[in-house]
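Reading through the structure tokens given below for one structure.
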Amino acid sequence: MTAARRASAAERRTRSLDIMGTLAAMKLRDQRTVLEGLSPSQKDELTARWYGFENDGQREPPGAWRIWLIRAGRGFGKTRAGSEWVSQIARDWPEARIALVGATQADAMRVMIEGPSGLIAVARRGEEPLWVAGRRELRFVSGAVATLYSAEAGEELRGPEHHFAWCDELAKWRRGEAAWDNLMLGMRLGERPRVLVTTTPRPNAVMRKVMAAPGIVETFGRTRDNPHLPDDFVVAMLASYGGTRLGRQELDGELLEDVEGALWTRALIERCRVDAESVGKYVRVVIGVDPPASAGGDACGIIVAAELRDGRLAVVEDASVERAVPGVWAQAVAAAAARWGAERVVAESNMGGEMVEAVLRQADMALPVVPVRASAGKVRRAEPVALAYERGQVVHAGVFAELEDQLCGLQIGGGYAGPGRSPDRADACVWALAALRAGMRKGRGPGVRVV
């Protein structure tokens, strides 16, 4: 693989992009004239052409990368991207030796070789590769050879050397670390060996190892980014799983890991999730507010919680606002209180109790504001609320992804390892639920210590 050949391949890709851009810029009449003048083989080539049609997450990154990780949701087009990448390698480097590694041999055969977006399906006319079952080899007309491996039998990768590798669905590799290590130790042919990994992410050992590897670049994609999927399917999947842990992982391609020693886990929150329509009428509603320390700084956490008729507590809305000045977040609190008929607003006042109460009352003079002072640390305040979740006494009536990310960042013994500088939404949630629990214990409206 000489520098001249790499440059030649890059030039062909650039020309392909230029052709697509030129056609896209033409008027429809001119496009029709150009297309009608193409020969049958040229039309086949245009139809089969990949470069220029792929989306950003499927496009090979520039630069001297060693590992390219496509981390994306199901149906995004990861397999098509992998097949096209390997096919282009076979065209450009006839001497290439390529490893194809799947979770199992059956998975690899079904998806990477024979699948509707597999290597045989994406081959252009006159380039149909030959599958040699006895040797588990896919032989390209250029002379390049791809060999199929199973991550279940990682020892088979001990010894063989490769120029390139395509690893599919890394998250499913049960013996992933051994297979990955043996593969990488054999990536020593040519001037610049490269590995493509296509997977829907899952927090396992081999995924963490790959993401921490030197020379890695990532591209991303969601299920909804694929314009070829039926609209009804996308709408149905988002309606059923959008925002949930399963949906964020399998549809949006997010890697969701539980923080070590966290008070809340993703599994716990999923266990407590219910449909918003199923909770019935509310006995009382409280709004928890965690004001930002400075104007235009952190978000203002605004969480609406309710006591249900069956004695459970429910988080029913996250009305938080990002980097808002006092007048704006106060109006957001007042609007939420009006929407839900809130009995009171519980607002943390450590940063200036009179100021917080004054700002909220400016937004609505009738707003029942109870300023509260945090006399214990965030985690200590949160522990009894987390225990109520464990006991099934709290539910989430819907999906609140940003709030849930912050709850899962609060750690036992102190500390916060979630997104953002401050768990503002989580703090507001704790204030609201603690106030409701206190009121239930006393047999009256929610009570908190007034400053």
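A compact table of results
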{"item": "Segment R29-E277, length gained on full extension (0.36 nm per residue, minus Cα span)", "result": "84.1 nm"}
{"item": "Net length gained if the chain between R74 and E114 were fully extended (0.36 nm per residue, minus Cα distance)", "result": "12.6 nm"}
{"item": "Calculated P(r) of the stretch 54-225 - Cα pairs past 23 Å, %", "result": "32"}
{"item": "Exposure proxy order (Cβ contacts within 10 Å, fewest to most) of D424, D92, D232", "result": "D232, D92, D424"}
{"item": "Surface/4 estimate of mean projected area, convex hull on alpha-carbon atoms of the stretch 263-372, nm²", "result": "7.5"}
{"item": "For F76, F233, order by how many other beta-carbon atoms lie within 10 Å, fewest first", "result": "F233, F76"}
{"item": "Most to least packed among 127-136, 301-310 [average Cβ atoms within 10 Å]", "result": "301-310, 127-136"}
{"item": "Sorted by Cβ neighbour density within 10 Å, fewest at the top, the residues S39, S117", "result": "S39, S117"}
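Here, each number is a calculation from the coordinates, and none is a lab measurement. What you see is a predicted model, and the numbers here were worked out from it, not measured in a lab. Methodologically, a virtual Cβ is constructed for each residue, glycine included, from the backbone with ideal geometry; neighbour enumeration extends over all protein chains shown.
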